[in-house]
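One structure is given here, and the rest of the page talks about it.
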Amino acid sequence: MLASYISICVLFFLLAWGIYYDIRRTHIPSGIRQSGKLRFLNFVTFFMIRLGVMPEKLGICQKYKVWRILFNGVPPKKNSKLIIKDLVFDEIPVRVYWPKRASPGNRRGVIYLHGGVGLIGSIHAYERVTRFIARRSDSVVVCVGFRLAPEHPFPIPVLDCCTATIHFLKNAEEYGVDPNRIVVCGDSSGGTFAAAVCQHLVPRKDLPRVRAQILFYPFLQGIDFNLPSYQQSHSIPILFKKRAIKFGLTYLTGKDENAEGLMKNAHVPKHLWVKYQKWISADLIPEEFKARGYVPIEPAPFCQELYELFREGSNPMFSPLIAEDDVIRQLPETFLLTCEYDVLRDDGLLYKKRLDDNGVPVTWHHVKDGFHGIMFPIDYGYLEFPSTRSSFQHVIHFLERL
């Protein structure tokens, strides 16, 4: 009886706290359609995060394990149009999706790297996304179940993605795939991994060349956390600025301490500011994207301790935007999706400029009413947003011409 009473009190407290947090700490611009739906999703996200924190504080289990279970969501119904198998590519678990309809030859292949900041997310959580791509583009899709931080911190998750991709490139025909038509795709941190995998494969002359990369609102640099989009969208769900930095810190170091210093750019010594200013600067962002109140902010005084903690943040495998030009110019054709109301928008805009400057063909789709994570609820019925399905159509059209 007492346990039930305590549980009810805890749930009521979380509900009240969630409502207060949503009202006082979040901002949903009028430019986002169906803002009530986003408020609901933001509240559910907050509730899930707090539910994960409680067992950790009680010493029951790590919060990330709870989040992973919750993030898996409701599994979709069986699909009669796809053959789905769980396999292993060089010790990395994958799930492969084949369209059932006959094909006159080998199909296009898509390696999908899921989001979740390298901490959460799974093959199960992204089942609807990968099924949709396989079904609509008539492609063989491979979703990679890479290991997650903090148990397996950077660079283990992205190296797992490299391993699975290399296996697929080497053995594509075994899966009914043309090895010269393989695309690497990912969303959010999965977009980071996709960019890093493509860069990692640039010098590999013993493998078929990746045909294209598809990046949905990727994180691409850990140098400047005060670009216009970080300022403009810092409190817009679902990826708040502080949440993004804390999760990124945990993925990189296993700890989420000192996020405040990173938010003020205290982790970057002067010589790195000078080195990377040619690639990472608000001056390189088109003026139209600064209209919502961007104000230049000087970095906080440099902190050596913070720099040492975040030193790997300047590793191109973590921050693909700072790879050298001789790597960038060899990258495959790219589809890049950015969202206006996303802290990571400017990472995408700066990467687009780098690709353009180095002669890499780029198809850019900017979702003017979009926010971080808008692609995830595809085939989730009511939870889809108007721009979710229409944006996927752009992706499908891109794939169909490869």
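Overview of results
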read-out: Ile245 vs. criteria in contact with a Ser or Thr (Cβ under 8 Å, 6 or more places away or on another chain), surrounded by fewer than 24 Cβ atoms within 10 Å (Cβ to Cβ) and under 25 Å from Gly190 (Cβ atoms); value: no
read-out: Any hit, region 143-163, residues being more than 21 Å from the chain's Cα centre (by Cα) and in a helix (DSSP H, G or I); value: no
read-out: Meets criteria (touching a strand residue (DSSP E or B) at 6+ places or on another chain (Cβ under 9 Å), surrounded by fewer than 24 Cβ atoms within 10 Å (Cβ to Cβ), charged (D, E, K, R) and under 29 Å from Lys246 (Cβ atoms)) for Glu127; value: yes
read-out: Any hit, region 94-114, residues being within 21 Å of Arg128 (Cα to Cα), in contact with an Asp or Glu (Cβ under 9 Å, 6 or more places away or on another chain) and assigned to a helix (DSSP H, G or I); value: no
read-out: Check on Val96, among the aliphatic types (A, V, I, L, M), out of contact with any Pro (no Cβ under 8 Å at 6 or more places or on another chain) and assigned by TED's automatic domain parsing to the domain that holds Pro218; value: yes
read-out: Filter result for Gly186 (part of a helix (DSSP H, G or I) and within 15 Å of the chain's Cα centre (by Cα)); value: no
read-out: Residue match in region 211-221 (condition: touching a helix residue (DSSP H, G or I) at 6+ places or on another chain (Cβ under 8 Å), modelled with pLDDT under 95 and in the same structural domain as Glu173 (by TED's automatic domain parsing)); value: no
read-out: Residue in region 277-288 that is under 30 Å from Phe385 (Cα atoms) and touching an Asp or Glu at 6+ places or on another chain (Cβ under 7 Å) present; value: yes
read-out: Test set (1) assigned to a loop (DSSP other than H, G, I, E, B); (2) within 23 Å of His234 (Cβ to Cβ); (3) in contact with a strand residue (DSSP E or B) (Cβ under 9 Å, 6 or more places away or on another chain) - Tyr351 fails condition number; value: (1)
read-out: Whichever residue in region 270-295 is loosely packed, with under 14 Cβ neighbours inside 10 Å and in contact (Cβ under 8 Å) with a residue 24 or more places away in the chain and, among such residues, is farthest from Pro155 (Cα to Cα); value: Gly293
read-out: Condition met for Glu340 (among the acidic types (Asp, Glu) and without any contact (Cβ under 8 Å) to a residue 60 or more places away in the chain); value: no
read-out: Pair list, Cβ < 6 Å and 6+ apart or interchain, from region 79-91 residues that are farther than 16 Å from His167 by Cα to residues that are of a type in the set (Gly, Ala, Ser) and at pLDDT 95 or above; value: Leu82/Ala134
read-out: Residue count for region 381-402, restricted to those that are touching a Lys or Arg at 6+ places or on another chain (Cβ under 8 Å) and either part of a strand (DSSP E or B) or at pLDDT 95 or above (or both); value: 6
read-out: Candidates Glu312, Glu298, filtered to the one that is closer than 23 Å to Phe225 by Cα, touching a residue at least 12 places away in the same chain (Cβ under 8 Å) and among the charged types (D, E, K, R); value: Glu312
read-out: Test result for Gly370, closer than 19 Å to Phe219 by Cβ and either in the same structural domain as Ala134 (by TED's automatic domain parsing) or not in a helix (DSSP H, G or I) (or both); value: yes
read-out: Any hit, region 45-68, residues being at pLDDT below 90 and under 29 Å from Arg135 (Cα atoms); value: yes
read-out: From Asp206, Asp224, residue being surrounded by fewer than 24 Cβ atoms within 10 Å (Cβ to Cβ), assigned to a loop (DSSP other than H, G, I, E, B) and without any contact (Cβ under 8 Å) to a residue 24 or more places away in the chain; value: Asp206
read-out: Pairs with Cβ under 7 Å, 6+ apart, first in region 33-53 and closer than 23 Å to Glu340 by Cβ, second outside any helix (DSSP H, G or I) and aliphatic (A, V, I, L, M); value: Ser35/Ile28; Leu38/Ile28; Leu38/Ile32; Arg39/Ile28; Leu41/Ile238; Asn42/Ile238; Thr45/Ile238
read-out: Candidate set: region 101-124, residues that are at pLDDT 95 or above and surrounded by fewer than 21 Cβ atoms within 10 Å (Cβ to Cβ); chosen: the one farthest from Ile156 (Cα to Cα); value: Asn106
read-out: Number of the condition not met by Tyr276 [criteria: (1) under 24 Å from the mean Cα position of the chain (by Cα); (2) modelled with pLDDT under 95]; value: (2)
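The values are calculated or read from the model by the stated rules, or taken from the named source; none is laboratory data. These numbers come from a predicted model, not from an experiment. In this analysis, Cβ positions are derived from the backbone assuming ideal geometry, glycine residues included, and neighbour counts consider all displayed protein chains.
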